[in-house]
Amino acid sequence: MANRVQLLQKALEKSKMEGYLVSNENAILYFAGFFGGYRLLIPASGEAVLYVYSVNYEAAKEIAKNCTVELLKRGEDADKRLAGMARKLKLRSIGFDSLEFSAHNKLQKALKRIGLRSASQMVWDLRRVKDASEITCIRRAAELTDVAAKTAAEALKPGIREHELAAEVEYAMRARGSEGTAFDTIVASGPRSAFCHGGCTSRKIQRGELIQFDVGARYCHYAADLTRTFVIGKPTPKQRRMYEIVQQAQEMAFQEIRNGVKARQVDAAARKLIEKNGFGENFPHGLGHGVGLDVHEQPTLNTVSKDILATGNVVTDEPGIYVIGYGGIRIEDTVVVKKEGAERLTKAPYNLEV
């Protein structure tokens, strides 16, 4: 793993801050290679310090990289401990990624004259571009997610309940090495498929209705994200037409994904086609989002995004059409941006009929 602490320190050199406090667990994982830390204090120069409670201390000593590990004792005031270290390092201004309002006020009180400044974008500027090791993890997560799609297509039959199908696919991913799901699996059938995030219920799936299936595996903490839409039996002409529009829109957006392109331009490629076919009001969400340690992260692909795609971004391409009271269709893949074009990491077939 590249020394990402040093990358952040280089960014600190260009800022007016002399240190950075990482609180988000996934961000701590990104820098220190360990999930379960409480805070990571990174000075502009010198060694980073990871603070952990006793339940994770021994594991952190063995696993954490690019930092020293400090034990927070039971009942100890962690903020006073952090403030003491900040004063020892002679820090006058500290950036941070995310703190709840009450936690911010408590820490600022402990720091006294040391400034505390919100600077989450400094971390996202690093995290949004994946290195080779991260892409390898996401690629494996995508392969496991493809297993879920294959399992779903094979397991679908009239009368199976949505939560039963979710259990089948989650077991299949786990059995092959997934650390778990990247998010709660969505199996939304019939009229419920018109809900963008319809969740999963005990409803029995029926022949001839639309089934929205959205799933993601997690591997080495990294996520993948995929959606397929199915019909048990022969689709109706309306279902097939809606599906073909979404599939074409997804492909048009995919062809736009490349280094240097505006994210909203990718969204527009899919949206214009859907609008042209009379379903503009039935595509209420953005085209996609970044994927990594979080399943939703930067960059964002929607109509108002100011992001510009760069080599190493991993994003979703997921247009949809949702008709309330009837049903919905979404097709989604996890995609890595390359110097020339892009590559789909999820590769499950696009089969409407099962």
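The values are calculated or read from the model by the stated rules, or taken from the named source; none is laboratory data. The structure displayed is predicted, hence computed values, not measured ones. Positions of Cβ are backbone-derived with ideal geometry, glycine not excepted, and every protein chain shown enters the neighbour counts.
Can you tell me how many residues in the range 107-142 are free of Cβ contacts under 8 Å to residues at least 40 places away in the same chain, surrounded by 15 or more Cβ atoms within 10 Å (Cβ to Cβ) and either more than 16 Å from Val22 (Cβ to Cβ) or outside the structural domain of Leu29 (by TED's automatic domain parsing) (or both)? Summing the residues that are free of Cβ contacts under 8 Å to residues at least 40 places away in the same chain, surrounded by 15 or more Cβ atoms within 10 Å (Cβ to Cβ) and either more than 16 Å from Val22 (Cβ to Cβ) or outside the structural domain of Leu29 (by TED's automatic domain parsing) (or both) in the range 107-142 gives 3.
When you look at Glu209, is it within 14 Å of Gly327 (Cβ to Cβ), crowded, with 16+ Cβ neighbours inside 10 Å and either of a type in the set (Ser, Thr, Tyr) or at pLDDT 95 or above (or both), yes or no? Yes; evaluated as a whole, the condition is true for this residue. Checking Asn66, Asn56, Asn26 one by one, the residue that is surrounded by 14 or more Cβ atoms within 10 Å (Cβ to Cβ), of a type outside the set (Lys, Arg) and touching a His at 6+ places or on another chain (Cβ under 8 Å) is Asn26 and no other.
Of all residues in the range 212-238, exactly one satisfies the criterion of being closer than 13 Å to Val323 by Cα and in contact with a Ser or Thr (Cβ under 8 Å, 6 or more places away or on another chain), namely Gln212.
The listed residues are Ala152, Ala188, Ala148, Ala175, and the only one of them that is surrounded by fewer than 20 Cβ atoms within 10 Å (Cβ to Cβ) and of a type in the set (A, V, I, L, M) turns out to be Ala175.
Checked against the criterion of being touching a Phe, Trp or Tyr at 6+ places or on another chain (Cβ under 6 Å), outside the structural domain of Ala27 (by TED's automatic domain parsing) and more than 19 Å from Arg4 (Cα to Cα), the range 70-80 has no qualifying residue.
Among residues belonging to the range 212-225 that are buried (at least 21 other Cβ atoms within 10 Å of the Cβ) and hydrophobic (A, V, I, L, M, F, W, C), point out the one that is nearest to Gln239 (Cα to Cα). Among those that are buried (at least 21 other Cβ atoms within 10 Å of the Cβ) and hydrophobic (A, V, I, L, M, F, W, C), it is Phe213. Consider the range 74-106 and keep the residues that are of a type in the set (Ser, Thr, Tyr) and in contact (Cβ under 8 Å) with a residue 60 or more places away in the chain. The one that is farthest from Gly19 (Cα to Cα) is Ser98.
Any residue at all in the range 40-51 that is farther than 11 Å from Cys67 by Cβ and in contact with a Phe, Trp or Tyr (Cβ under 6 Å, 6 or more places away or on another chain)? Among the residues of the range 40-51, not one is farther than 11 Å from Cys67 by Cβ and in contact with a Phe, Trp or Tyr (Cβ under 6 Å, 6 or more places away or on another chain), which makes the answer no.
Take the range 250-266 and flag every residue that is touching a helix residue (DSSP H, G or I) at 6+ places or on another chain (Cβ under 7 Å) and either surrounded by 18 or more Cβ atoms within 10 Å (Cβ to Cβ) or closer than 22 Å to Val323 by Cβ (or both). Result: Gln250, Met252, Ala253, Glu256, Ile257, Val266. All conditions but one from (1) over 15 Å from Pro319 (Cα atoms); (2) out of contact with any helix residue (DSSP H, G or I) (no Cβ under 7 Å at 6 or more places or on another chain) apply to Cys220; the one that does not is (2). Looking only at the range 300-310, decide whether some residue is within 23 Å of Ile245 (Cβ to Cβ), in contact (Cβ under 8 Å) with a residue 12 or more places away in the chain and surrounded by 23 or more Cβ atoms within 10 Å (Cβ to Cβ). Yes: one or more hits. Among residues of the range 160-189 that are within 21 Å of Ile329 (Cβ to Cβ), those with a Cβ under 8 angstrom from a residue that is outside any loop (DSSP other than H, G, I, E, B) and of a type in the set (S, T, N, Q), sequence gap 6+ or separate chain, pair up as Glu162/Ser189; Val169/Thr151; Ile186/Gln212; Ile186/Thr227; Val187/Gln212; Ala188/Gln212; Ser189/Gln212.
Restricting attention to the range 1-47, the residues being over 26 Å from the mean Cα position of the chain (by Cα) and touching a residue at least 24 places away in the same chain (Cβ under 8 Å) number 10. Across the range 334-347, which residue is farthest from Pro191 (Cα to Cα) among those that are in contact with a strand residue (DSSP E or B) (Cβ under 6 Å, 6 or more places away or on another chain) and assigned to a loop (DSSP other than H, G, I, E, B)? Within the range 334-347, the match that is farthest from Pro191 (Cα to Cα) is Leu345.
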